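The values are calculated or read from the model by the stated rules, or taken from the named source; none is laboratory data. Remember, it's a predicted structure, so these values are computed and weren't measured experimentally. All Cβ positions, even for glycine, are placed from backbone atoms using ideal geometry, and neighbour counts span all protein chains on display. Ligands, DNA and RNA are stripped out before the accessible areas are found, and what is left, the full protein with its side chains, is counted by its heavy atoms. Shrake-Rupley method; radii C 1.70, N 1.55, O 1.52, S 1.80 Å.
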Amino acid sequence: MARVLLNIPARAYPGDILVIRTLIQHVMETGYRPDADGVVAPRDILRRFTCTYDGEVVMEADFSPAIAANPYLTFTLTATRTGTITLRWQGDNGFDQTETRELVVV
Amino acid sequence: MRFLLALLPLCLPAAAAERRSGFDDMAPQTQAMQRDDSANPGMLWVLEGEALWARGCASCHGDAALSMRGVAARYPAWDAATGAPIDLAGRIAQHQGAPRLARESQGLLALTAFVAHQSRGLPINPPEDARLAPARARGAALYTQRRGQLDLSCAQCHDDHAGRRLAGSTIPQAHPTGYPLYRLEWQGLGSLQRRLRGCMTGVRAEPFAYGAAEYVEIELFLARRAAGMALETPAVRP
C-alpha cells in the first residue's frame, strides 16, 4: 500500500465548493531512464485516477510518464448530498489503490 | 527586562543575525509546499516512519511525540559504544532489536524523518561534549579544504558566495535545518550525506562512502553553524 496524504473536508453545507487535495507515494518511473549500468528501468507509472462522489464520477485523470514522482492532484467538487468520496489510483504492475472518505452535508 | 531583550540582538555576532535557512531563499510556491503538511511529499515518509515506529520501536521507546521530542536537534552526538560521533540516521541504523537498515534505504530515511519530525520547530542544539570537539574541528577543516578537479572547498561557495547564483539556483548558506528532506530534483527524500555527496561530485571530487566518518565530522561542524535555528524536518528544497 502506498502512503497517501488527503485533505478532504468531512462536513459541508449544500452548495459549498470543496477543495480536494491528494498526494500519493509513487516512483513514476518513466521507462526511459538508464541506470548506472546503462540498463533502462522498466516503466512504472500511475495510469489513471478516478474520483467518485456518492457513486458519480466527478474527476478523472490520465497520467503520463512526464509526471513527477509522488503526484499531487487538487480539484474542486460541489457538495450536494451526504455520501462517500472514493479516490482510486490505477497504474502499471497491477497498482490499484482505493481510499474512501465520508462527506456529511448538513 | 524589555530593555535587555531589546539589546540582545546587538550582542549577537553579525553573522548570526544574517543566517538564513534554505527555506528563506526558496520560491513562494515551494515554501507553501513545505508549510502545508498535506502537500509536503516528505510527510509521506513521516507516515511510513510512523508505521515502522509502531511495529518495532514503540515497545521500548513509547510515544515518539514524548520520547523523541528534541532528540534530532541534539545530533550528531557522541556514541559511547563505538567511541566516535554518530548522526541520527547512524544511531537508528545500528539500533538493537531492529533489523539493520542500510544507509539511504527507504526504511531508514522514513524512520529518521519520523524521529526528526518530532523536533520540528525546536532550535538546533548541538551538545556541549568535549569528546566531539576534535571531530568538529576536523569537520571545519574538511569544510574549508579544496577538493576535486574544480579545486573548490565548501566554504568558497557556501560562505564566500552564499546568496548568489549558481546557474539558476541560489547558493544557500549551508545550514542543515531540514534533513532528511524532500528535494524536488531527487523526487524523493534524502539525507544530508546524500546532499554532501552531490556537492562533492559537483566539484568532481570522489565522494566518501555513505556512513563515512568524514560526513559525520562535517555534519557536526554544520550543526554548530546552524545552532539555534529551527528544525524544519521534513523540509522541501528545489
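For peptide B:39-45, the mean count of partner chain Cβ atoms within 10 Å of a residue's Cβ comes to 5.
Counting only heavy atoms of the protein chains and using a 1.4 Å probe, B:Trp53 has close to 20 Å² of accessible surface.
Please report the relative contact order for chain A, taking Cα pairs under 8 Å with a sequence separation of at least 6, and give it as a percent rounded to a whole number.
Details: 248 pairs, mean separation 34.2, N = 106.
Relative CO of chain A lands at 32 percent.
Ignoring the sites themselves, chain A has its longest run without trypsin sites (Lys or Arg not before Pro) in a DSSP loop having at most 16 other Cβ atoms within 10 Å at A:1-42. Given a 1.4 Å probe and the protein chains as shown, B:His117 ends up with an accessible area of around 40 Å².
How long are the three semi-axes of the equivalent ellipsoid of region B:148-238, in whole Å, if each is the root of 5 times an eigenvalue of the C-alpha gyration tensor, listed from largest down? Walk me through the intermediate numbers first.
Working: eigenvalues 68, 53, 45 Å².
Semi-axis lengths for region B:148-238 are 18, 16, 15 Å.
Across all directions, the shadow cast by the convex hull of chain B built on its C-alpha atoms averages 14.3 square nanometres. Using only Cα coordinates, the Kirkwood hydrodynamic radius of region B:190-238 works out to 12.0 Å. Heavy-atom accessible surface of A:Asp37, to the nearest 10 Å², is about 130 Å², with a 1.4 Å probe and all protein chains retained.
Dipole check for the protein assembly as shown: with +1 at the C-beta of Lys and Arg, -1 at the C-beta of Asp and Glu, and the Cα centre as origin, the magnitude is about 740 Debye. Computing Rg and the Kirkwood Rh from the Cα coordinates of region B:20-107 gives a ratio, Rg/Rh, of 1.02. Backbone geometry of region A:29-39 corresponds, through the Karplus equation with coefficients 6.51, -1.76 and 1.60 at θ = phi - 60°, to 3J(HN,Hα) couplings of 6, 6, x, 10, 8, x, 8, 4, 8, x, 8 Hz, x marking Gly and Pro. Which percent of Cα-Cα pairs in the protein assembly as shown sits in each 20 Å bin, short to long? Pair shares across the bins are 26, 53, 20, 1.
With only alpha-carbon atoms in the gyration tensor, what are the semi-axes of the equivalent ellipsoid for chain A, in Å, largest first?
On the way: eigenvalues 214, 25, 22 Å².
In descending order, the three semi-axes are 33, 11, 11 Å.
For B:Ala84, the residues whose amide H sits under 5 Å from its own are B:Asp79, ignoring neighbours fewer than 5 places away on the same chain, with H placed 1.01 Å from N.
Can you give the relative contact order of chain B as a percent, counting alpha carbon pairs under 8 Å and 6+ residues apart?
Computed over chain B, the figure is 28 percent.
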